[in-house]
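The values are calculated or read from the model by the stated rules, or taken from the named source; none is laboratory data. Being a predicted model, the structure only gives us computed values, none of them experimental. Here the Cβ positions follow ideal geometry from the backbone for every residue, glycine too, while neighbour counts run over all protein chains shown. Areas reflect the complete protein model, heavy atoms only, side chains present, ligands, DNA and RNA absent. Shrake-Rupley method; radii C 1.70, N 1.55, O 1.52, S 1.80 Å.
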Amino acid sequence: VATLFGSLVFFSAVIAPTIFTILNQENSRNLVRAIFPKLYLWGIIISTLFLIQQINNFNLSFFLSLTILLGFIFSRQFLMPKINKISDKKDKVRFKKLHTLSVTIFLSQLIIMLIIIFY
């Protein structure tokens, strides 16, 4: 969980800002669209491995890990494709709502990971 937490924070704090600083808008968008499915897949894999490790312990860590995993699956399989479609249609109002939901899920996952780490 600490590895996942660290990699997500590194992406958010270092990689994403660098992409948007160095590349123009179109290339930034294309690169982020290529990276995010892999980032979410990374989250799904690590969350699944931790969940499997916790399978015999139906404690707080198990249910928090399940919540993290479901957040990654929802974000990757449903939310991200919707955000991309709405972005392509230039619907700024709906994009802002869905992007805010995506960021909220992501930040919630980070907070839950901290709870697991220090639990």
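Here are the numbers:
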{"read-out": "Filter result for Leu69 (farther than 18 Å from Val32 by Cα, under 12 Å from the mean Cα position of the chain (by Cα) and open to solvent by less than 30 Å² (accessible area, probe 1.4 Å))", "value": "yes"}
{"read-out": "Residue match in the stretch 87-101 (condition: within 19 Å of Ala16 (Cβ to Cβ) and buried (at least 17 other Cβ atoms within 10 Å of the Cβ))", "value": "yes"}
{"read-out": "Only listed residue being open to solvent by less than 40 Å² (accessible area, probe 1.4 Å), of a type in the set (A, V, I, L, M), in a helix (DSSP H, G or I) and at pLDDT below 95, chosen from Ile116, Ile44", "value": "Ile116"}
{"read-out": "Hey, Ile52 assigned to a helix (DSSP H, G or I), at pLDDT below 95, out of contact with any Leu (no Cβ under 9 Å at 6 or more places or on another chain) and under 30 Å from Tyr119 (Cα atoms) or not", "value": "yes"}
{"read-out": "Subset of the stretch 19-41 [loosely packed, with under 11 Cβ neighbours inside 10 Å and part of a helix (DSSP H, G or I)]", "value": "Thr21, Ile22, Gln25, Glu26, Ala34, Lys38"}
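Condition check ((1) under 19 Å from Phe11 (Cβ atoms); (2) acidic (Asp, Glu); (3) free of Cβ contacts under 8 Å to residues at least 60 places away in the same chain) across all residues:
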residue: Phe36; (1), (2), (3): yes, no, yes
residue: Gly43; (1), (2), (3): yes, no, no
residue: Asn57; (1), (2), (3): no, no, yes
residue: Leu64; (1), (2), (3): no, no, yes
residue: Leu69; (1), (2), (3): yes, no, yes
residue: Ile73; (1), (2), (3): yes, no, yes
residue: Leu79; (1), (2), (3): yes, no, yes
residue: Asp88; (1), (2), (3): no, yes, yes
